[in-house]
Amino acid sequence: MGRWGNDARGRLEAAALALYAERGFEQTTVAEIAERAGLTERTFFRHFTDKREVLFSGAELLKTLIVDGVEDAPPDAPPMAAVMAGLEAAGAFFQASVPHSRQRQRVIDANTELQARELSKLATLSAAVANALRGRGVGDPVAGLTAEAGILVFKTVFGRWIGDAGPHDWSPLLWKTLGELRAVTASD
């Protein structure tokens, strides 16, 4: 066990989320997060660049899961099927953390700066998915359009998944939402 105990990063994340829920994001300082976690500010900054990043620390892992899912889809899978394979992989990322995801989203929804950061992260995710589709031989504009549609499905599913009526199983909700998107885009 190190000088500050096991899982300093996890302790900082839990402390930050609890404080953001109790006091609000703006009113919480890095010093308070570190103190609640039983660590130092210096330790906080070893793990996070700022107090916003505590809420977005899983973004890289999520991006990797989705992109790997797109890349690993069967070679003959149509573009949207490849994106859905990536989005299904994301379900495993979220399934074990419904309460955490709900609390995190409440904090983000209460702060416009965090909402902007969330949109930026989703744009980065969309670009990564489009690049993965291009790597599968999908040309533009189809790669970008499919990636954006996939992110729209992802955002909708995530909102439903953490909704108060949930938790829901990720995969059936994902496919239901894609079906709804297809229904609204079908031509007469």
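Summary table below
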| quantity | calculated |
| --- | --- |
| Residue count, segment 122-173 (criterion: more than 18 Å from the chain's Cα centre (by Cα), in a helix (DSSP H, G or I) and either of a type in the set (A, V, I, L, M, F, W, C) or within 23 Å of Pro99 (Cα to Cα) (or both)) | 5 |
| Among the candidates Gly24, Gly10, residue that is at positive phi and more than 15 Å from the chain's Cα centre (by Cα) | Gly24 |
| Evaluation of Leu181 against (1) part of a helix (DSSP H, G or I); (2) touching a residue at least 12 places away in the same chain (Cβ under 8 Å); (3) within 15 Å of Val67 (Cβ to Cβ); (4) over 18 Å from the mean Cα position of the chain (by Cα) (one fails), failing number | (3) |
| Pair list, Cβ < 8 Å and 6+ apart or interchain, from segment 31-54 residues that are without any contact (Cβ under 8 Å) to a residue 12 or more places away in the chain to residues that are of a type in the set (D, E, K, R) and outside any loop (DSSP other than H, G, I, E, B) | Ala31/Glu41 |
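Conditions tested, residue by residue: (1) in the same structural domain as Lys176 (by TED's automatic domain parsing); (2) assigned to a helix (DSSP H, G or I); (3) loosely packed, with under 15 Cβ neighbours inside 10 Å; (4) modelled with pLDDT under 90.
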residue: Ala34; (1), (2), (3), (4): no, yes, no, no
residue: Leu39; (1), (2), (3), (4): no, no, no, no
residue: Arg42; (1), (2), (3), (4): no, yes, yes, no
residue: Asp68; (1), (2), (3), (4): yes, yes, yes, no
residue: Met84; (1), (2), (3), (4): yes, yes, no, no
residue: Ala92; (1), (2), (3), (4): yes, yes, yes, yes
residue: Pro99; (1), (2), (3), (4): yes, yes, yes, yes
residue: Val107; (1), (2), (3), (4): yes, yes, no, no
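The values are calculated or read from the model by the stated rules, or taken from the named source; none is laboratory data. Note that the structure is predicted; figures quoted are calculated from it, not measured. Here the Cβ is made from the backbone with ideal geometry for all residues, glycine too, and neighbour counts use every protein chain on show.
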